[in-house]
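Since every read-out is calculated from the coordinates, none of them should be taken as a lab result. A quick note: this is a predicted structure, and the numbers were derived from the prediction, not measured. Here Cβ is always computed from backbone atoms with ideal geometry, including for glycine, and neighbour counts include all displayed protein chains.
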Amino acid sequence: MQRANEQVDINIIVATGIYTYHEAPIQFHFTGSGRLFDVPEPMVKLGNLDYLREIADAGSLLGMDRFGIDVFLPFEDRVTTVAALAKAGYVDRMVLSHDESCYGDFYSESYKTALLPRWNYTHITDDVLPALREHGVDEAQITARLVHNPARYFTGGQE
């Protein structure tokens, strides 16, 4: 993908498949901390951090997203992953996102509010950033993920 991307004037975005809508293997819906099968998070067990490092080392920008959709990966596990990657030196390879949309007809607003109360436009600033700070992520690292890295991506490396 990297070689193909170097030959065109657009940025190619690759999804790993594990987090895509309706594509996660069924065991990931029921396995993990606080779920039906209350065992350690399966993605960590599979070497998620190593996998993410490998993707970043190949030149990809990691979209650390789905914040607020805690049914797939609990909030604390998601924050811990982002903080661990920052400590490992991958700040310049990550962006943050909540994946909230201005309109969706997947389910009613009352279901969304009941099942995904933190899936909203202010979750990153209200909850994620304070949690990252508690994990030792500093302001420069936060600014890189929210400002500099997206700008670098959307401008083709020119900030």
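Proximity of backbone amide H atoms, modeled 1.01 Å from N, is registered between residue 62 and 94, 95 at under 5 Å, excluding neighbours fewer than 5 places apart on the same chain. In this rough spin-label picture, where each label sits 7 Å from Cα along the Cβ direction, the residue 107-residue 9 distance is 4.3 nm.
For the stretch 64-88 versus the stretch 120-159, the spacing of their alpha-carbon centroids is 13 Å.
Across the stretch 62-70, coupling constants 3J(HN,Hα) worked out from phi with the 6.51/-1.76/1.60 Karplus curve, θ = phi - 60°, read 8, x, 7, 10, 6, 4, x, 9, 6 Hz, and Gly and Pro carry x.
Converting phi to 3J(HN,Hα) with the Karplus coefficients 6.51, -1.76 and 1.60 and the offset θ = phi - 60°, the stretch 77-87 yields 5, 5, 5, 4, 5, 5, 5, 5, 5, 5, 5 Hz in sequence order, with x at every glycine or proline. Once the Cβ-Cβ distance of residue 122 and residue 143 is raised to the sixth power relative to R0 = 25 Å, the FRET efficiency obtained is 0.85. Full extension of the chain segment joining residue 84 with residue 71 gains 2.6 nm, where the gain is 0.36 nm per residue of separation less the Cα-Cα distance.
Per-peptide packing, taken as the mean over residues of other Cβ atoms within 10 Å, places 67-77, 147-157 in the sequence 67-77, 147-157 from highest down.
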